[in-house]
Amino acid sequence: MLQIENLVYNAWGRQFFNRASANLPNPSKVSLVGRNGVGKSTLFKLIKGELQPDSGEIVIPRAARVATVDQEHPATP
């Protein structure tokens, strides 16, 4: 189960998450949908460990797989 507990993240002069919590049971397939700039990519970077939260905890089981699709990709012919 992916667990997000009391996640706080502030960056670039704004607050993205303020004590956000979520639990996703195994197996789960989840999509994030929302307007530009609301923190979807930031949340994925926090889950993947590319960014560190100001406080709170993100717990991912060892056997879990987090799959993502790059937001941008190189141009092709």
Residues of region 24-71 classified as at pLDDT 95 or above and assigned to a strand (DSSP E or B), total: 5
Lone qualifier among Val59, Val38 - being touching a strand residue (DSSP E or B) at 6+ places or on another chain (Cβ under 8 Å) and surrounded by 10 or more Cβ atoms within 10 Å (Cβ to Cβ): Val59
Boolean, Leu7 is within 11 Å of the chain's Cα centre (by Cα), surrounded by 10 or more Cβ atoms within 10 Å (Cβ to Cβ), modelled with pLDDT of 95 or more and not in a helix (DSSP H, G or I): yes
When residues of region 13-31 are limited to those that are over 14 Å from Leu46 (Cβ atoms), over 14 Å from the mean Cα position of the chain (by Cα) and not basic (Lys, Arg), the one surrounded by the fewest Cβ atoms within 10 Å (Cβ to Cβ): Gly13
Hits in region 62-77 (condition: in contact with a helix residue (DSSP H, G or I) (Cβ under 7 Å, 6 or more places away or on another chain) and exposed (fewer than 10 other Cβ atoms within 10 Å of the Cβ)): Gln71
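The values are calculated or read from the model by the stated rules, or taken from the named source; none is laboratory data. Since this is a predicted model, take the numbers as computed values, not measurements. FYI the Cβ positions are ideal-geometry reconstructions off the backbone, even for glycines, and counts take in every protein chain you see.
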